[in-house]
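Notes follow the structure.
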Amino acid sequence: MILNSIGLDSKKTKVLANDLNHLLANFQTYYQNLRGIHWNIKGKAFFDLHTKFEELYNDANIKVDEIAERILTLGETPLHTFEAYSAQAKVPVGKNISEDVKAVRLIVNSLTELLKIEREILEKSGDANDEGTNSMMSDFITEQEKTVWMMKAWLNEDV
């Protein structure tokens, strides 16, 4: 086993960085979705949702940076083109969504996909003894599970 400069198995960190790039692509799509619904939301819930969507896209923007910096910490290069993001993203793309229920459902569906990816990374980072990535995924998962619960409550649906 060859260790990198932060003491982790180089082969395992390469795999993790690749998975983090996949997460990065999906987070960028999620971020753009949030910007779009923030700009386009209409209706009686406008004031509350406009503010909430801004809160969520600001948080997503911070997470995008954290993911990219983690990839760099692992010794790899983060994806940074829309072409690369589009090729890897599994998060649904929201286009011209202005209705409140559709916007909130897009968030739930996006977070559900992100949580799947993050749980896979969490498992691999545990196996690689990569506490930095593991901690990041654990924090993301905890926050996003709460957001899903809140959005589902707003939709009047069970989690």
By residue number, the members of the stretch 26-84 that are of a type in the set (S, T, N, Q) and more than 26 Å from MET150 (Cβ to Cβ) are THR73, THR77, THR81
Please verify whether ILE71 is crowded, with 22+ Cβ neighbours inside 10 Å, over 12 Å from the mean Cα position of the chain (by Cα) and either without any contact (Cβ under 8 Å) to a residue 24 or more places away in the chain or within 19 Å of ALA84 (Cα to Cα) (or both), treating the condition exactly as stated. yes
Flagged in the stretch 1-55 as out of contact with any Ser or Thr (no Cβ under 6 Å at 6 or more places or on another chain), of a type in the set (A, V, I, L, M), surrounded by fewer than 17 Cβ atoms within 10 Å (Cβ to Cβ) and without any contact (Cβ under 8 Å) to a residue 60 or more places away in the chain, in numbering order, are MET1, LEU3, ALA45
Within the stretch 74-117, residues touching a Lys or Arg at 6+ places or on another chain (Cβ under 9 Å), within 16 Å of ASN26 (Cα to Cα) and surrounded by fewer than 18 Cβ atoms within 10 Å (Cβ to Cβ) come out as LYS90, GLU113, LYS116
The correct count of residues that are of a type in the set (Asp, Glu) and either modelled with pLDDT under 95 or under 21 Å from THR77 (Cα atoms) (or both) in the stretch 1-58 is 2
When (1) of a type in the set (D, E, K, R); (2) touching a residue at least 40 places away in the same chain (Cβ under 8 Å); (3) within 23 Å of ALA68 (Cα to Cα) are applied to LYS95, the one that fails is (3)
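Conditions (1) within 26 Å of GLU99 (Cβ to Cβ); (2) over 17 Å from the mean Cα position of the chain (by Cα); (3) in contact (Cβ under 8 Å) with a residue 24 or more places away in the chain, marked per residue:
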site	(1), (2), (3)
ARG119	no, no, no
ALA128	no, yes, yes
GLU131	no, yes, no
MET137	no, no, no
TRP154	yes, yes, yes
VAL159	yes, yes, no
Those residues of the stretch 87-97 which are more than 14 Å from the chain's Cα centre (by Cα) and on the phi < 0 side of the Ramachandran plot amount to ALA87, GLY94, LYS95, ILE97
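The values are calculated or read from the model by the stated rules, or taken from the named source; none is laboratory data. All figures in this text were calculated on a predicted structure; none of them were measured in a lab. Ideal geometry is used to build each Cβ from the backbone, glycine not excepted, and the neighbour counts take in all protein chains shown.
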